[in-house]
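Here the structure is laid out as structure tokens; the discussion comes afterwards.
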Amino acid sequence: MEEFTHSVAEYLKPYQNLFNYEMMLSAHLDNSRFFPWVQQLSVYKDPSNCRILSSGCGSGGDLFVFMESGAKSATGIEVDFRLAKLAKDRFKHSEFQKDFMISVYNGLNLPLGNNKFDIVFSIHVLEHTKSPKTYLSEIFRVLKKDGILFLDLPNRYYKIEQHTNIHYLHYLPVRIRNKYIKLLLRKNELSDDLRYKLSTLINFQIPSAAQILKIVKNYRKEYNLVVEDVFFHSYSLKKTRGSPNPFNYFIGRPRRQTTFRIVIRKL
């Protein structure tokens, strides 16, 4: 664990003078934030003896919690090779080292075989992908029969863009949003953290709940999918169900929830 702590400190060295450095450090070192997710996922499928895939696993804290919860194996995919190295360092010399694997990929085609995983865990990753449709189809491909996809992402209808905390930025069409972001990036007073987050939003897809459900519907027959649960939430016990009319998302209760969740099973 000391080796992992040192690796995290080195990774975060450029940010050590920022006001939120300690919070960034804790995000890598404290795995406890993943336990509620694993507990909520267990309602749909017990992770014990399951093969787990974490899509966009970061430094692997979620996968470590799954292994502590009795999972059979833990696989992570990541587009950032530096985060992938942190994940490897986390599992190095641990009791789960032999049952862990991580791959760095291009964000489109998974370097994994068909029908391999009982659970795919995807938390706030889909909105960063180049093609939500390709991303989901690849997950459906690697999911085993009776496996589930547990997916959370920022609510497209919530008034605040949650990476930058800028109101209504994500409501803008891509071309207009790109121009606005480039104007913001010209400001010298931006912090390095905000500058980076803004730059990652250029050409962002930011899919809506309605768009995700449409993608799932299009792949339903090909992969024999069923939607087990779908709702909006703000990481509390309160759930807000969706509406058949997407327009209602902008004016109704879903607009007040930060996160969209969908759980899909492959029959």
Kindly indicate which of Gln40, Gln16 is modelled with pLDDT of 90 or more and either surrounded by 17 or more Cβ atoms within 10 Å (Cβ to Cβ) or not β-branched (Val, Ile, Thr) (or both).
Gln40
Count, please, the residues in the range 188-217 that happen to be exposed (fewer than 13 other Cβ atoms within 10 Å of the Cβ) and at pLDDT 90 or above.
1
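Rundown of residues vs (1) under 29 Å from Leu143 (Cα atoms); (2) under 16 Å from the mean Cα position of the chain (by Cα), yes/no style:
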residue: Thr164; (1), (2): no, no
residue: Gln205; (1), (2): yes, yes
residue: Tyr219; (1), (2): yes, no
residue: Phe232; (1), (2): yes, yes
residue: Leu267; (1), (2): yes, no
Note down all Cβ pairs under 7 Å where the first residue falls in the range 9-34 and is farther than 14 Å from Tyr196 by Cβ, the second is acidic (Asp, Glu) and surrounded by 13 or more Cβ atoms within 10 Å (Cβ to Cβ), and they're at least six residues apart or on different chains.
Phe34/Asp62
Condition (residue is of a type outside the set (S, T, N, Q), open to solvent by 60 Å² or more (accessible area, probe 1.4 Å), over 27 Å from Phe66 (Cβ atoms) and out of contact with any strand residue (DSSP E or B) (no Cβ under 8 Å at 6 or more places or on another chain)) applied to the range 145-166: is it met by at least one residue?
no
Residue check: is Asn109 within 21 Å of Tyr223 (Cα to Cα), loosely packed, with under 15 Cβ neighbours inside 10 Å and in contact with a strand residue (DSSP E or B) (Cβ under 6 Å, 6 or more places away or on another chain)?
no
Test: residue in the range 191-201 that is part of a loop (DSSP other than H, G, I, E, B) and more than 25 Å from Leu108 (Cβ to Cβ)
yes
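The values are calculated or read from the model by the stated rules, or taken from the named source; none is laboratory data. The structure presented is a predicted model; accordingly, all values stated were derived computationally and were not measured. Neighbour counts run over all protein chains shown; Cβ positions are idealised from the backbone, glycine included. Heads up: the accessible areas ignore ligands, DNA and RNA and are worked out on the full protein's heavy atoms, side chains in. Shrake-Rupley method; radii C 1.70, N 1.55, O 1.52, S 1.80 Å.
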